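Structure record follows, encoded as structure tokens.
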Amino acid sequence: MNTSVNLCGVELKNPVLECSGTFGSGMEYSEFVDLNRLGGVVTKGVASVPWPGNPVPRIAETPSGMLNAIGLQNPGIDVFCSRDIPFLKQFDTKIIVNVCGKSAEEYIQVVDRLAEEPVDLLEINISCPNVKEGGIAFGQDPKSAEAITRAVKDHAKQPVIMKLSPNVTDITAMAKAAEAGGADMISLINTITGMKIDVNRKTFALANKTGGLSGPCIRPVAVRMVYQAAHAVNIPVIGMGGITCSEDALEFILAGASAVAVGTANFSNPRATLDVIEGIEEYMRRCGVKDIHELIGAVK
Amino acid sequence: MAKYMEKGVVLSQKKLCGGIYDLVLQTEHIAAESRPGQFVSLYSSDEAHLLPRPISLCGIDREKCTIRLVYRVVGYGTKEFSGLEPGDRVKLVGPLGNGFTLSDKKALVVGGGIGIPPMLETAKALAFSGMKREDIQIVLGYRDICFLKEEFEQYGTVTVATEDGSTGTKGNVLDAIGAYKLQGDVIYSCGPAPMLRALKAYAKEQGMECYLSLEERMACGIGACLGCVCKSKDVDHHSYVNNKRVCADGPVFHAEEVEL
């Protein structure tokens, strides 16, 4: 039985990753999850300098989901390279670094700094809804998305994944823009912008007023967008959005995703990534699937 | 310190007073590794409610491997937990957070509202460390009905404040401390933010050492998601942006370390 997938020259032992921002750099979750089992670890977004993030409250629970407005708090690339990469190098898994910035220059600074680091893939976050500049500013306009993709690709030494936002009218236009800019892969979906109001305090549940909605409630939107994007481009698609178990992950794979990522489910089940991996293997045995590639995009 | 994900078995549950419940869980490993001031994350059995509910440890029995949680019903999760019966199982992760670092200095143990329960195990640990009873001054602030008060009396001298004046000093814990001129070298406390803010100011004025246990909305509960930060005086060792993680760097902080 083969569960491995090759993403632009990078061989993942299985197609299961976790979503940036839900897993830190794996350190905290390594108490619950053997990181050697994962196809790869996608780190929390890292910028050229430390970012303090948004005021609290940053978190609110919603029906079958949650809103977050962390605001990409991160220690900056220097601490990341000296602490997080050496930590991840101890494990037999691929390292996928999520990169954020407020301008093309900031993205490029991080990408340049990572050129000589033992990092397997770069995921460029142009879709965080919780920071005003950068992030989403590049992720909602096809021309900007294509331009930032090209700028990053000119500097990147590793294959580049562009992480797309669902907060657009036509996801295929964004997927095509990333492909036109030279993206090696795309990943989607990031969170959907939402709002919750605390009726007792008569104010917003989040200090940032709006936040990114994630969790099982967004899964049908995510599956639809992954299906559409996979049919619109000829580069691999990494699917995510509300995956909690192997059945959820298989929806994305059947819709056309070459790999999947588990996000918010890590909070409700710290072992969620392993449950997904084991469940996919069990499904393949049960259904007589010899190679995971038989499943990728099998639902037309 | 190791963290465990387990299915705790309910040994008992009773209602203490309006909305406050007292739950005892049999754990496999969690109790043996726990210390006062730490917390556990309890998970709803309804998958539509994703996030763990952080609840402080009111009691730890390392020999029997049980933990006691005294909590207030504030929403869906806690309402569900209040319906747990002996033999039921509940998913939990713990022990989480740092807990109190205790010393043998003359102590003021201060709890307000639903911040009172974690101070019981703290007072017990101080008493069991061999401190004299008169060196453990316990101050409890309630809205109206007092809970756990008799249990605190085993470990030290208890002074009570109630908002409605029905028991003890009318007002808050600071009013009670002032009324009885309570003395100590170190404050250990947990309670609502305004109370902690006032205690911090009081401790500074009196030249006392002061530890505060904070609360914040959490998602992961283990330090990964950065959802529950507080502003800190010193740079934090996670992101280096003066944001300490309440779940992992706390919930207990030196008062001078954090901005409230």
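Report the FRET efficiency, 1/(1 + (r/R0)^6), for B:TYR76 and B:GLU134, where r is their Cβ-Cβ distance and R0 is 30 Å, rounded to 0.05.
Between B:TYR76 and B:GLU134 the formula returns 0.10.
Looking at chain A, do any whole DSSP H helices span at least 18 angstrom along their long axis by alpha carbon and average 0.0 or above on Kyte-Doolittle, and which?
The qualifying helices are A:219-232.
For chain B, modelled as a Gaussian network with Cα springs under 10 Å, which listed residue fluctuates most, B:ILE20, B:ILE60, B:ILE138?
Of the options given, B:ILE20 has the highest mean-square fluctuation.
Give the calculated FRET efficiency between B:GLU63 and A:GLU117 to the nearest 0.05, with a Förster radius of 51 Å applied to their Cβ-Cβ distance.
FRET efficiency, B:GLU63 to A:GLU117: 0.55.
Over chain A, what relative contact order in percent results from Cα pairs under 8 Å that are six or more residues apart?
Normalised by residue count, the contact order of chain A is 19 percent.
Where the centroid of each part is defined by its Cα atoms, how far is the stretch B:119-182 from the stretch B:10-60 in Å?
23
Output the relative contact order of the stretch A:90-196, whole-number percent, from Cα pairs under 8 angstrom with separation of 6+ residues.
It rounds to 26 percent for the stretch A:90-196.
Test of understanding: given chain A, find the longest segment containing no GluC sites (Glu not before Pro) that are in a DSSP loop and have at most 12 other Cβ atoms within 10 Å.
It runs A:134-300.
Restricting to DSSP H runs of at least four residues, report the calculated mean residue ellipticity at 222 nm for the protein assembly as shown, -39500 (n - 2.57) per run over all residues, nearest 500 deg cm²/dmol.
After summing the helix terms and dividing by the residues of the protein assembly as shown, the value is -7000 deg cm²/dmol.
Subtract the Cα-Cα distance of B:LYS233 and B:ASP164 from 0.36 nm times their separation in residues, and report this length gain in nm to one decimal.
Fully extending the segment from B:LYS233 to B:ASP164 adds 21.2 nm.
List, in order, the whole-Hz ³J(HN,Hα) value for each residue of the stretch A:25-32 obtained from phi through the Karplus relation with A = 6.51, B = -1.76, C = 1.60 and θ = phi - 60°; use x for Gly and Pro.
With the stated coefficients, the stretch A:25-32 comes to 10, x, 4, 5, 6, 5, 6, 10 Hz.
For the stretch B:1-88, what's the relative contact order in percent, using C-alpha pairs closer than 8 Å and at least 6 residues apart?
That works out to 33 percent.
Mind checking A:52-65 for the average number of partner chain beta-carbons within 10 Å of each residue's beta-carbon?
Averaged over the peptide's residues, the number is 6.
Students often get this wrong: which residues of the stretch B:86-115 have the backbone nitrogen under 15 Å from the point 7 angstrom along Cα-to-C-beta of B:ARG143?
B:112-115
Taking beta carbons within 10 Å but only from partner chains, what does the mean come to for residues A:257-268?
3
In terms of Cα to Cα distance under 17 Å, which aspartates and glutamates are near enough to B:LYS64, apart from those fewer than 8 places away along the same chain?
B:GLU6, B:GLU28, B:GLU33, B:GLU121
Label the stretch A:191-263 by shape, choosing from rounded, prolate and oblate, from the square roots a ≥ b ≥ c of the eigenvalues of the Cα gyration tensor; if a/c is under 1.5 it is rounded, and otherwise prolate applies when a/b is larger than b/c, oblate when it is not.
Because a/c hits 1.5 or more and a/b exceeds b/c, the stretch A:191-263 counts as prolate.
Out of the stretch B:183-260, which chymotrypsin sites (Phe, Trp or Tyr not before Pro) are coil in DSSP terms and have no more than 13 other C-beta atoms within 10 Å?
Sites meeting the loop and neighbour criteria: none at all.
Taking neighbour counts of Cβ atoms within 10 Å as a proxy for exposure, in what order, fewest first, do B:LYS64, B:LYS14 appear?
Lowest count first: B:LYS14, B:LYS64.
PRE reach from B:GLU256 (point 7 Å along Cα→Cβ): which of the stretch B:205-224 fall under 13 Å by backbone N?
Correct set: B:205-211.
Return the subset of B:LYS106/B:LYS181; B:LYS3/B:LYS231; A:LYS102/A:LYS196; A:LYS44/A:LYS196; B:LYS106/B:LYS204; B:LYS105/B:LYS132 for which the Cα-Cα distance in this structure is over 19 Å, preserving the input order.
B:LYS3/B:LYS231; A:LYS102/A:LYS196; A:LYS44/A:LYS196
In terms of Cα to Cα distance under 16 Å, which aspartates and glutamates are near enough to A:LYS153, apart from those fewer than 8 places away along the same chain?
Within reach: A:GLU105, A:GLU106, A:ASP112, A:GLU116, A:ASP120, A:GLU123, A:GLU179, A:ASP184.
Once you place label points 7 Å from the Cα toward the Cβ at B:ASP185 and A:LYS202, how far apart are they in nm?
5.0
If you rank B:PHE81, B:PHE39 by fewest surrounding Cβ atoms within 10 Å, what's the result?
Starting with the residue having the fewest Cβ neighbours, the order is B:PHE81, B:PHE39.
Would you mind ranking A:THR169, B:THR27 so that the residue whose beta carbon has the fewest other beta carbons within 10 Å leads the list?
A:THR169, B:THR27
Bear in mind these aren't lab numbers, they're just calculated from the coordinates by the rules spelled out. This structure is a prediction, so every number in the text was calculated from the model and none was measured. Glycine gets a Cβ as well: all are built from the backbone with ideal geometry, and neighbour counts include every protein chain shown.
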